[in-house]
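These notes are about the structure you will find just below.
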Amino acid sequence: MDVLVKLSTDEDSDIRKYFARNPNTPVDILVQLSTDKDSDIRRGVAQNPNTPVDVLVQLSTDEDSDIRRGVAQNPNTPVDVLVQLSTDEDSDVRKYFARNPNTPVDILVQLSSDKDSYVREYVAQNPNTPVDILVQLSTDEDSDVRGYVAQNPNTPVDVLVKLSTDEDSDIRKYFARNPNTQWIY
């Protein structure tokens, strides 16, 4: 353990960053690294699935949006913190939040109309997105959003059939990746 403690304070930030990202790093070292001056190390802690909830709460208000993005994608981030991050000014934070499988359905519904198409793409990819929202997103002006709807295994068959004839060939490629397409034709 002494070796881990020594290396977790190494002056080489890459070594600290690898510790921060390693899921086997002891919790006390993650807590220590969560206050590192280097944002890459704090982002690694924010993304680490073994980071304690109280540290995730602390990192969720970090001034660096990269750290907040890490918290937004961490599967152990508490729902109340996720809800707070859903209105973050940085669209990338909202994007990673929309991707998190623990994102509450009502927030996915809200984010499905986000002005940033990347946020809508991640909503379309989330396995918990309600069917009615997938139907709505299937007519999105952004072809990538429609593509992710075509790829989502929860998209209704009638919507998949419609997307299979989309004028954009990329949509048809996404459609071909959907595991349910074999049952359509």
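The values are calculated or read from the model by the stated rules, or taken from the named source; none is laboratory data. All values reported here derive from a predicted model rather than from experimental measurement. Counting neighbours? That spans all protein chains shown, and the Cβs are built from the backbone with ideal geometry, glycine included.
Of the residues Arg69, Arg42, which is without any contact (Cβ under 8 Å) to a residue 60 or more places away in the chain, in contact with a Phe, Trp or Tyr (Cβ under 8 Å, 6 or more places away or on another chain) and in a helix (DSSP H, G or I)?
Checking each option against the conditions leaves just Arg69.
For the range 48-56, indicate whether the set of residues that are in contact with a helix residue (DSSP H, G or I) (Cβ under 6 Å, 6 or more places away or on another chain), closer than 24 Å to Val123 by Cα and either among the hydroxyl-bearing types (Ser, Thr, Tyr) or assigned to a helix (DSSP H, G or I) (or both) is non-empty.
Yes: the range 48-56 contains one or more residues that are in contact with a helix residue (DSSP H, G or I) (Cβ under 6 Å, 6 or more places away or on another chain), closer than 24 Å to Val123 by Cα and either among the hydroxyl-bearing types (Ser, Thr, Tyr) or assigned to a helix (DSSP H, G or I) (or both).
Filter the range 100-115 down to the residues that are buried (at least 16 other Cβ atoms within 10 Å of the Cβ) and assigned to a loop (DSSP other than H, G, I, E, B) and list them by number.
The answer is Asn100, Thr103, Ser112, Asp114.
Quickly run through the range 31-42 and pick out the residues that are of a type outside the set (Gly, Ala, Ser) and either in contact with a strand residue (DSSP E or B) (Cβ under 7 Å, 6 or more places away or on another chain) or buried (at least 23 other Cβ atoms within 10 Å of the Cβ) (or both).
If the condition is that a residue be of a type outside the set (Gly, Ala, Ser) and either in contact with a strand residue (DSSP E or B) (Cβ under 7 Å, 6 or more places away or on another chain) or buried (at least 23 other Cβ atoms within 10 Å of the Cβ) (or both), then Leu33, Ile41, Arg42 are the ones that fit.
Given the structure, is Lys37 part of a loop (DSSP other than H, G, I, E, B), farther than 22 Å from Arg99 by Cα and either at pLDDT below 90 or of a type in the set (Lys, Arg) (or both)?
Answer is yes for this residue.
Give the range 82-104 a look and list any residue that's touching a helix residue (DSSP H, G or I) at 6+ places or on another chain (Cβ under 9 Å) and either of a type in the set (Ser, Thr, Tyr) or more than 17 Å from Val57 (Cα to Cα) (or both), or say none.
Within the range 82-104, Ser86, Thr87, Glu89, Asp90, Ser91, Asp92, Lys95, Tyr96, Ala98, Arg99, Thr103, Pro104 qualify.
Evaluate the following for Tyr96: is it modelled with pLDDT of 95 or more and aromatic (Phe, Trp, Tyr)?
Taking the combined requirement at face value, the residue does not satisfy it.
Report every pair of residues separated by at least 6 positions or lying on different chains whose Cβ atoms are under 8 Å apart, first residue within the range 147-173 and farther than 16 Å from Ala124 by Cα and assigned to a helix (DSSP H, G or I), second aliphatic (A, V, I, L, M) and modelled with pLDDT under 95.
Close Cβ pairs (under 8 Å, with a partner that is aliphatic (A, V, I, L, M) and modelled with pLDDT under 95) amount to Val161/Ile184.
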